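J.: Below you'll find the structure I mean.
The values are calculated or read from the model by the stated rules, or taken from the named source; none is laboratory data. What you see is a predicted model, and the numbers here were worked out from it, not measured in a lab. For neighbour counting, all protein chains shown are included, and Cβ atoms are generated from backbone atoms with ideal geometry for every residue, glycine included. Note: areas computed on protein heavy atoms with side chains; ligands, DNA, RNA excluded. Shrake-Rupley method; radii C 1.70, N 1.55, O 1.52, S 1.80 Å.
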Amino acid sequence: MFNSNHLKANHEATKIRFFEETLINGLHIIFHQDNTNPLVSISVLYHVGTKNEFPGKSGFAHFFEHLMFEGSKNIKKGDFFKYIASNGGKNNAYTNHDETCYYEILPSDRLPLALWLESERMLHAKIDEESINIQREVVKEEKKMQIENQPYAKAISEIIPSLLFKKHPYKYPIIGFEKDLNTATKKDYKKFYETYYVPNNATLVVTGDFEMNEARNLVHRYFSSIPKGKIDFNMKKIEEEPIKKEIFFTYVDKNTKVPGVFLSYRLPKMTDEDTYVLKIIDHVLSSGESSRIMKNVINKKQLASYAGSFLDSMEDYGIFIIYGLINPKITLDQLTKVIDEEIENLKEKGITQYELNKQKNFFEKKFLFDNYSMSGIASNLSHYFLYYKNTNLINTDIEKYRKISIEDIKIVSNKYLNKNCRVRLYNVPIS
């Protein structure tokens, strides 16, 4: 088994040092200097995602992930990628329910270029009819490929969230609804951009090979004159009523041949102590050959061809899905019954010390591994600052896993994994 003491010693040697400051316009900057390789990683994390969208205006954050590559006042259409590629770098972006992030990795002497590009994106992004129409078609195509034509995708990204959440915007798919894409106007997009893509709603992280004073001066030069956003970003959480009775739903999926069951639970927010325990529960149930579902449901009882679980922890709530796809001659009710037996067994008997140690070792190893690359460090620094308001968790967060006991597993699984507060969705083919 993995040696925990060796990892602890290793961890001391790999402590992440950083410097952070906030500009007068509210932009928070985190620097992590590491001169090992002649590269710099730059990321700008905007605190905007599906959570900030309204009925009839879904998919805006994801749309901007695309739109903000279109160009700006001083950057011609398509030139974002050209600047990066011709200078030996790579870049990309992603959106989720709570955030949108743009990032670049470049040779270290190209730090000024990366900061200029990101300041242009923040201040002067091009929001014109032509760019909107181009990206509208791109997003529609992406939606077709990733959601409309994929088995189980619509159930997971649209149906289940809409049943778990009645009021909270987490009920919307990240990519949005096509009808909202079609009706959104330039004025709508401009308003969204001016509201959320502002310094006081962003975290800039610079990691890698740079000289601190020079990097700070460059950041100040490119970003300090950008005006602060006008709204207060300390938004009140939209509270959901508890689910008190199992919600059962059958979804007929044109893309699927094999019926599946999806048992979905609403969890607490990402920063809740219980979330750490739930991550271990997720792994005990379905990570690796020796996991409960793999061992008992797939291999021993052979009721499922494929089964597992996944946990999506978000800023206001989390979603935990346990799923299985049936083997021939097995019904969805039979498979559900066996998965429920595994859940009940976990709740009643908990887990063994061996299982717990194995998971703690896994998370310890992952914790160290995530901090090996410049982009991994950048991602963790912004994550801990944004959600936990404690950037130094990049060095100490593993302590939360170390403290988890067998009793915690029982308490937390009994608190959340109950039939009466879940969504049971049967995803079935067209008959």
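J.: Could you estimate the translational diffusion coefficient of segment 189-302 from the Stokes-Einstein equation, with Rh from the Kirkwood formula over C-alpha pairs, at 10 °C and 1.306 mPa s, in whole µm²/s?
T.: Answer from the Stokes-Einstein relation: 77 µm²/s.
J.: Give me the net charge of GLU342's neighbourhood, meaning all other residues with Cβ under 14 Å from the Cβ of GLU342; Lys, Arg count +1, Asp, Glu -1.
T.: Details: positive: ARG292, LYS295, LYS300, LYS301, LYS337, LYS347, LYS349, LYS419; negative: ASP282, ASP340, GLU341, GLU344, GLU348, GLU355.
Spelling it out: positives minus negatives among the neighbours equals +2.
J.: Follow-up question, since we're still on this one. Starting from segment 354-431, pick out the chymotrypsin sites (Phe, Trp or Tyr not before Pro) whose DSSP state is loop and whose Cβ has at most 14 other Cβ atoms within 10 Å.
T.: Counting only loop positions with at most 14 other Cβ atoms within 10 Å, the chymotrypsin sites (Phe, Trp or Tyr not before Pro) in segment 354-431 are TYR372.
J.: Provide the gained length on full extension for the span LYS191 to PHE248, in nm with one decimal, where the gain is 0.36 nm per separating residue minus the Cα-Cα distance.
T.: 16.6 nm
J.: Alpha carbon centre of segment 32-84 versus segment 361-392: separation in Å?
T.: Rounded to whole Å, the Cα centres lie 20 Å apart.
J.: Where does each of LYS236, LYS400, LYS269 land when they are ordered by accessible area, with a 1.4 Å probe and the largest first?
T.: Most to least solvent-accessible, the answer reads LYS236, LYS269, LYS400.
J.: Now a separate question. Would you list, by chain and number, the aspartates and glutamates whose Cα falls below 17 Å from the Cα of LYS154, excluding same-chain residues fewer than 8 positions away?
T.: GLU141, GLU142, GLU178, ASP180, ASP253, ASP312
J.: Tell me, how many Å apart are the Cα centres for segment 131-169 and for segment 242-260?
T.: If you average the Cα positions of each part, the centres end up 17 Å apart.
J.: In segment 40-127, if the dipole is taken from +1 on Lys/Arg beta carbons and -1 on Asp/Glu beta carbons about the Cα centre, which of SER58, GLY78, PRO112 is farthest to the positive end?
T.: Projecting each Cα onto the dipole axis, the largest value belongs to GLY78.
J.: Where the accessible area of segment 3-149 is counted over protein heavy atoms with a 1.4 Å probe, how much of it, in %, is carbon and sulfur?
T.: Carbon and sulfur atoms account for 53 percent of the accessible area of segment 3-149.
J.: Can you tell me the length gained on complete extension of the stretch GLN150 to GLN353, counting 0.36 nm per residue apart and subtracting the Cα distance?
T.: 69.1 nm
J.: If you roll a 1.4 angstrom probe over the protein chains with everything in place, what fraction of the accessible area of segment 356-407 belongs to carbon and sulfur, to the nearest %?
T.: Answer for segment 356-407: carbon and sulfur cover 57 percent of the accessible area.
J.: Ok, one more. Taking all protein chains as present, what is the carbon and sulfur share of the accessible area of segment 200-351, in % to the nearest whole number, probe 1.4 Å?
T.: 51 percent
J.: Also, quick follow-up: Write down the accessible area per residue of the chain in Å², having rolled a 1.4 Å probe over the full set of protein chains. List each step's numbers first, then the result.
T.: Working: 19800 Å² over 431 residues.
About 46 Å² of surface per residue is accessible.
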